[in-house]
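A.B. asks: My questions will all concern the structure given below.
The values are calculated or read from the model by the stated rules, or taken from the named source; none is laboratory data. These figures come from a predicted structure and were not determined experimentally. Cβ atoms come from the backbone with ideal geometry, glycine included; neighbour counts cover every protein chain shown.
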Amino acid sequence: MTERLSRHSLTVNDYISQNESTLEEEQEAKSVGLTCTSQDEALRDSMLNRIKGAMVHCFLIHTLCPIGALSAGGSRVLFSHVFGPEDTVVSAPDRDLGPEERRLLQKEKLAVVARQVQSACALLREAAGRPATEVGLGEELVALQEAESGVLRLATGDPFPREHSVLWLAVQALSFTLVCEPHENLLLAEGTLRSLARHCLENLRMLGPGSEVLLKSDRIEALLHRLLPHGQLLFLNHRFTQSLEKSWLHTWPNEHDVRWGQTLRPHPSDH
Amino acid sequence: MYASGTESLIKQAREIQEEELQKFYGRVCKLLHVKDYGNETVDSLQRLHLIVSATKYGRTLPSELHKKLQALLCSPSSPEQLQVLCCSTLRESLPLSVQSLPIDDLQDSRTLSYVAAVILAQAGDSNDLTALSHLLLKSLEFRQPEGQISRHVLPVLSKIISFSPESLSEDHVNLVSRKLVDWLRYASIQQGAFMSSGGFFTGPRARQPGPMTEVDGAVAGDFFTVLCVGQSYTEDQWMNMYAFSMIRKWLLTYDTEGTGNVDTAQLKRMQVMQSLSQDDRSEVDGSVMSMVSATSSSSRLLPPKERLREKAFEYCHRLIEQSDRKALKKADSDLQKACLVEAVTVMDIICKEDSSFVYRAFPCIKALYGRLNGDLAFARTLLPIAQFYLNHSETAAVDSEMVFRQLFLRFPGELFNDPMLAFEFVQFCRANLAVLQESVPLYRQSFPNLFKFLAWNSPALISEFVELLSSLLAPETAIEMLHSLLDLPCLAAALDLQLRSASLQAPERTVWDQGSKASSSLEAFRQPYYRGVFLYILRPEAGTGDTIDRLNLLHEVLVDMAENPRTVQCAQTVPVLLHVFFNTVVQFADQKLINQLVLILLERSSLLFNIHNYKTEVQRVFSTHLLVLCKLHPSLIVDQSRELLDFAGTTANICSKEDLYTHMVWVIGEYLSVSHDARCTVEHITSFFETLEAVLFEITQVRQSASPPRFSPRVITVLMTTLAKLASRSQDLIPRMSLFLSKMRSFVRSGPVTSCYSEEDLEEILTRAHELINLLKMPSVAQFVLAPSARGDSPRWHRDTNASLPLSMRTLSSLLHKHSSFQHC
């Protein structure tokens, strides 16, 4: 516990020292008159303003618990779906990269997001001071009710060329994370994220000890394809949702149907 | 829930041997070749996907396997599961598929969507998307025979335009705009045929569909929207939902032409309106007229973009009406809130493009505000409403005071513990910094309330407040804000108590003993005796006073909260904010304010909530900025000489705030000079000299029994140097100073000192004393060396190796040494 605490306070301190240094640098820059908006910057800003809009950039499932093979504060990304290209238009450095390097860069960026969510969640849990409750298979709805959620802002260039908001939902040792464009309708995104998380937890038995999340990721893909097609958040009323869920469960011949009987259980609000 | 099995699976997938991998590729290839789509193939493809996706380094598939996967993906007859697996495997692996996928002859909508997913994921530049966008636009252009437009055509388009908006020509934009109008405004209002397999015009034998209902079960009163509920939906109703989901992005991307020439656009509209009297109908379908439809203006001859604006506006208007209904399902009532946010935002975008909509929108927005403002459950939907008021209330001459009063004075105090609202609220402030600062006085005034968000969610919001702080800062409230920042951890603690206290039952009717000690902070929170202090800390608005006199009492009573994680987290963010505060305040501070700030530094340096490390960190920030403030306004030393003498003369300050004390002494030596302030007299110099001399005497007094010094040798050297500086400016003091310095030898040799300081430290003290003695032997040189002229005090002075003080000192010492040795000879 003490170790955990000290690690968390370290993150805040790190943050602070980072900020201090930036402030000093800014001061420095100001004092020697270095802060000027170059033409490039102005051009980039106008580009950024033009292509604003609301979509989801990616969806992640990653761990929040310490993992032996990773350094402290590391998070294992178990599932990721990036919905489209990044704005390579505005980040010229990426354009010259080969496909392999681009992929590597993208994976590293996702890892950065996962780590940031992990720290944010750890700090939030620490501040709330609530003891974690462990629930098992079949208690997905309880787990979801107890889940913490939050949102953080990724500043321009850190790690994506444009600013993004990251919405996360922490269920025990796992986080379901949506990286959204800054103007996204967060109320809608929250609803979608909850619904995705519920289906993943139930259908892939993620509260249990298995590894379905890795091996049956096609289920998550198909779910995203319906509830968040190509990163587009949808305004789904309960009938639209039911229809999409039905087509998902129908198309997925579920060999574990007997074992997984609970997955077909309707949402409590439908009663 | 995260098992070691999962971890070992990832390891296996990453570390698979090349030979084994090739064999596995071969096996998958064979399975696909014989078109065996059974469990074994599914299982193998799932493993293949894991192998290519588990590592951050790309894996290159053999070309045969690559081709087979592409073929399987593009074949409409493949089962969806296999398409999904191919899609995700191709996305994650090399070589890229983006140019080799045969997309021209894709007919099936599901296949098109999965193929598009691969292309979108791998596109490197906009050229990679051209073929795909052409295909999508073509499918929109020709009316599909069975209404077989891919449902995902809009989401894919949405993604493409966020990547390269220029990939759509003007004609394309008009085409999509026309389609969007049809889907948004003229989707059928009847339910889709039950159990239909997705057909829009299903067979005549299908059960007669009923009308759509609203979320509360009433029959739908007007055109179809996402808030209409039915057993099943027709294709155009599905498209209605997709269209509304993307409308905001579309308008933001393409509805920008109006900004430059609003007048011409309006003129055109007027002309069209006048020439029209007929009913406005879709090209596809009629629609039921009612509330919104009844007021719908004829717009058929408008250019497509403007017509879309008109129809989107009507859609939003109807959504706002519909959200007044009591939803039967929780999911739908959540959707209502999300729809409100979207509808108001879309209206805002439209009004920005064409201000004539403002007059139509305001009655609706005002009514909505009236309906929601009492209900905290709708707090988040009030933010876009506030944005609307901020952008348009001036145009429509509508009073917005009430909205901002509600926003800034009510929300933070009651909803500080909702992290989502806190985030959105702060983003709202960030997005509108300039306007809020300039035209909403309440914004700055409510900073004590806004700080509640920060105190409660400090790690999450610190970077946002680093940006916001300077906009909240005004000369009138600077002092109060400094106190508030220093008390931020107390605010976090008080908010925690407020929440806990509210969850307890009403306090029993105990007659509180006036002034009796409360046994816990929670009890104190409920005691009338402490009420005033807590009320002050939790105040919503600035202006009731800079601070209160009983802060000590507050710190005492909160002592059991000093280790509360939230309080600690909050305390860790304060130094950063203090830096921002001082950096901003010096930009506008006048002499009077700087004097006040320095006094607060001195006063508050010890009057802080006792959290581990908090005092030290804050004092460090104070030290840094004390230097800046004094440099900016050196005459404050004379202005505040009494307080500074008090501070510098208190030996106890060395132990409790060494850093600040050292800086203060340095500042006195540097700026107490007639060259910085003409009012500086010999009396001033003498009184500072005597005070500091007494302190140095006290701390260097050699007593064998004394405990070893608890301060760093730096304090001694700085005190010595400052005294020498002062002596050089009032030369009567030189003999006294030289005598004092010569006694340092016995100090460094005394037992307690040698046991505590290192050899180098002692050497340093001695050398410094020696140098100063030598310098003071030549008063005119000393004056030059110890008081660089104000003009020579350029920013680079201290960095210039040739001009730096140590170098001058060294040169002079060596000269003097030579001189003295010469004498001895």
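A.B. asks: Taking A:Glu163, is it in the same structural domain as A:Asn237 (by TED's automatic domain parsing), within 25 Å of B:Asp125 (Cα to Cα), touching a Leu at 6+ places or on another chain (Cβ under 8 Å) and surrounded by fewer than 19 Cβ atoms within 10 Å (Cβ to Cβ)?
C.D. replies: Details: in the same structural domain as A:Asn237 (by TED's automatic domain parsing): yes; within 25 Å of B:Asp125 (Cα to Cα): yes; touching a Leu at 6+ places or on another chain (Cβ under 8 Å): yes; surrounded by fewer than 19 Cβ atoms within 10 Å (Cβ to Cβ): yes.
Judged against the criteria, A:Glu163 is a match.
A.B. asks: Then there's this: So B:Val398 fits all but one of (1) within 23 Å of B:Phe362 (Cβ to Cβ); (2) assigned to a helix (DSSP H, G or I); what number is the exception?
C.D. replies: (2)
A.B. asks: While we're on this one: Being in the same structural domain as A:Arg194 (by TED's automatic domain parsing) and modelled with pLDDT of 85 or more narrows it down to one of A:Val90, A:Val151, so name that one.
C.D. replies: Values: A:Val90 fails: modelled with pLDDT of 85 or more.
After applying the criteria, what remains is A:Val151.
A.B. asks: Okay, moving on. Among (1) facing another protein chain (nearest Cβ under 9 Å); (2) closer than 22 Å to B:Ser162 by Cα; (3) assigned to a helix (DSSP H, G or I); (4) in contact (Cβ under 8 Å) with a residue 12 or more places away in the chain, where does A:His225 come up short?
C.D. replies: Evaluating A:His225 over (1) facing another protein chain (nearest Cβ under 9 Å); (2) closer than 22 Å to B:Ser162 by Cα; (3) assigned to a helix (DSSP H, G or I); (4) in contact (Cβ under 8 Å) with a residue 12 or more places away in the chain leaves (4) as the failure.
Quick grid of which residues meet (1) facing chain A (nearest Cβ under 8 Å); (2) surrounded by fewer than 17 Cβ atoms within 10 Å (Cβ to Cβ); (3) more than 14 Å from A:Ala69 (Cα to Cα):
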| residue | (1), (2), (3) |
| --- | --- |
| B:Ala3 | yes, yes, no |
| B:Thr6 | yes, no, no |
| B:Leu9 | yes, no, no |
| B:Glu20 | no, yes, yes |
| B:Lys23 | no, yes, yes |
| B:Arg27 | no, yes, yes |
| B:Asp36 | no, yes, yes |
| B:Thr41 | no, no, yes |
| B:Gln46 | yes, no, yes |
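A.B. asks: Next up: Looking at the stretch B:428-456 only, could you name the residues that are assigned to a helix (DSSP H, G or I), within 17 Å of B:Pro384 (Cα to Cα) and not hydroxyl-bearing (Ser, Thr, Tyr)?
C.D. replies: The first filter runs over the stretch B:428-456 and keeps only residues assigned to a helix (DSSP H, G or I), leaving B:428-431, B:433-439, B:441-445, B:447-456.
Adding the requirement that they be within 17 Å of B:Pro384 (Cα to Cα) leaves B:428-431, B:433, B:435-436, B:443.
Scanning the stretch B:428-456 gives B:Phe428, B:Cys429, B:Arg430, B:Ala431, B:Leu433, B:Val435, B:Leu436.
A.B. asks: Can you tell me which residues in the stretch B:164-176 are surrounded by 21 or more Cβ atoms within 10 Å (Cβ to Cβ) and within 11 Å of another protein chain (Cβ to nearest Cβ)?
C.D. replies: Once the filter is applied, which keeps residues that are surrounded by 21 or more Cβ atoms within 10 Å (Cβ to Cβ) and within 11 Å of another protein chain (Cβ to nearest Cβ), the stretch B:164-176 yields only B:Ser164.
A.B. asks: Okay, moving on. Out of curiosity, is B:Leu72 closer than 16 Å to B:Ser88 by Cα and surrounded by 14 or more Cβ atoms within 10 Å (Cβ to Cβ)? Please lay out each step first, then the result.
C.D. replies: Details: closer than 16 Å to B:Ser88 by Cα: yes; surrounded by 14 or more Cβ atoms within 10 Å (Cβ to Cβ): yes.
Yes: the conditions hold for B:Leu72.
A.B. asks: Right, another one. Within the stretch B:367-386, work out how many residues are surrounded by fewer than 17 Cβ atoms within 10 Å (Cβ to Cβ) and assigned to a helix (DSSP H, G or I).
C.D. replies: The qualifying residues number 5.
Every residue, every condition in (1) more than 21 Å from A:Arg102 (Cβ to Cβ); (2) touching an Asp or Glu at 6+ places or on another chain (Cβ under 7 Å); (3) within 11 Å of chain A (Cβ to nearest Cβ), yes or no:
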site: B:Asn127; (1), (2), (3): no, no, no
site: B:Lys138; (1), (2), (3): yes, no, no
site: B:Ser158; (1), (2), (3): yes, no, yes
site: B:Ile161; (1), (2), (3): yes, no, yes
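A.B. asks: Continuing with the same structure: Taking the stretch B:210-229, which residues are part of a loop (DSSP other than H, G, I, E, B), within 11 Å of another protein chain (Cβ to nearest Cβ) and within 41 Å of the chain's Cα centre (by Cα)?
C.D. replies: Result: B:Val215, B:Thr225, B:Val226, B:Leu227.
A.B. asks: Okay, moving on. Sort out which residues of the stretch A:146-168 are more than 11 Å from every other protein chain (Cβ to nearest Cβ) and hydrophobic (A, V, I, L, M, F, W, C), and write them in order of number.
C.D. replies: Answer for the stretch A:146-168, where residues must be more than 11 Å from every other protein chain (Cβ to nearest Cβ) and hydrophobic (A, V, I, L, M, F, W, C): A:Ala147, A:Phe160.
A.B. asks: Considering only residues that are assigned to a helix (DSSP H, G or I) and of a type in the set (Gly, Ala, Ser), which ones fall in the stretch B:580-635?
C.D. replies: B:Ser623
A.B. asks: Checking the conditions here, which among B:Leu50, B:Leu32 is surrounded by 15 or more Cβ atoms within 10 Å (Cβ to Cβ), within 13 Å of chain A (Cβ to nearest Cβ) and assigned to a helix (DSSP H, G or I)?
C.D. replies: On inspection, the qualifying residue turns out to be B:Leu50.
A.B. asks: Would you mind finding the one in B:Ala678, B:Ala694, B:Ala727 that is over 25 Å from B:Phe784 (Cα atoms) and aliphatic (A, V, I, L, M)?
C.D. replies: On inspection, the qualifying residue turns out to be B:Ala694.
A.B. asks: What's the number of the condition B:Ser463 fails, among (1) at the interface with chain A (Cβ under 9 Å from one of its Cβ atoms); (2) surrounded by 21 or more Cβ atoms within 10 Å (Cβ to Cβ); (3) small (Gly, Ala, Ser)?
C.D. replies: Every condition holds for B:Ser463 apart from (2).
A.B. asks: To continue, here is another question. State whether one or more residues within the stretch A:199-213 are within 9 Å of chain B (Cβ to nearest Cβ), within 22 Å of A:Gly84 (Cβ to Cβ) and surrounded by fewer than 23 Cβ atoms within 10 Å (Cβ to Cβ).
C.D. replies: Within the stretch A:199-213 (the criterion being within 9 Å of chain B (Cβ to nearest Cβ), within 22 Å of A:Gly84 (Cβ to Cβ) and surrounded by fewer than 23 Cβ atoms within 10 Å (Cβ to Cβ)), the answer is no, since none of the residues qualifies.
A.B. asks: Can you tell me which residue is surrounded by the fewest Cβ atoms within 10 Å (Cβ to Cβ) among those in the stretch A:175-196 that are part of a helix (DSSP H, G or I), within 13 Å of chain B (Cβ to nearest Cβ) and not hydroxyl-bearing (Ser, Thr, Tyr)?
C.D. replies: The residue in question is A:Arg194.
A.B. asks: While we're on this one: Could you tell me how many of the residues in the stretch A:97-145 are at the interface with chain B (Cβ under 10 Å from one of its Cβ atoms) and without any contact (Cβ under 8 Å) to a residue 60 or more places away in the chain?
C.D. replies: So in the stretch A:97-145, the residues at the interface with chain B (Cβ under 10 Å from one of its Cβ atoms) come out as A:97-108, A:110-111, A:119-120, A:122-129, A:134-137, A:143.
Narrowing further to those that are without any contact (Cβ under 8 Å) to a residue 60 or more places away in the chain: A:97-108, A:110-111, A:120, A:124-125, A:127-129, A:134.
Total meeting the criteria: 21.
A.B. asks: Follow-up question, since we're still on this one. Would you pick out the residues in the stretch B:323-348 that are buried (at least 20 other Cβ atoms within 10 Å of the Cβ) and either touching a residue at least 60 places away in the same chain (Cβ under 8 Å) or farther than 20 Å from B:Phe224 by Cα (or both)?
C.D. replies: B:Ser323, B:Ala327, B:Asp332, B:Leu335, B:Gln336, B:Cys339, B:Glu342, B:Thr345, B:Val346, B:Asp348
A.B. asks: Identify, by number, the condition in (1) at pLDDT 90 or above; (2) of a type outside the set (A, V, I, L, M, F, W, C); (3) surrounded by fewer than 22 Cβ atoms within 10 Å (Cβ to Cβ) that A:His225 doesn't meet.
C.D. replies: (3)
A.B. asks: Only one residue in B:Arg531, B:Arg566 is of a type in the set (D, E, K, R), modelled with pLDDT under 90 and in a helix (DSSP H, G or I). Which one?
C.D. replies: Going through B:Arg531, B:Arg566 in turn, the sole match is B:Arg531.
A.B. asks: Next up: Is it true that some residue in the stretch B:387-401 is away from chain A (no Cβ under 14 Å), under 25 Å from B:Thr573 (Cα atoms) and crowded, with 19+ Cβ neighbours inside 10 Å? Outline the logic, then answer.
C.D. replies: Here is the first cut: in the stretch B:387-401, the ones away from chain A (no Cβ under 14 Å) are B:388-401.
Checking the rest, the ones that are also under 25 Å from B:Thr573 (Cα atoms) come to none.
Checked against the condition, which is being away from chain A (no Cβ under 14 Å), under 25 Å from B:Thr573 (Cα atoms) and crowded, with 19+ Cβ neighbours inside 10 Å, the stretch B:387-401 yields no hits at all.
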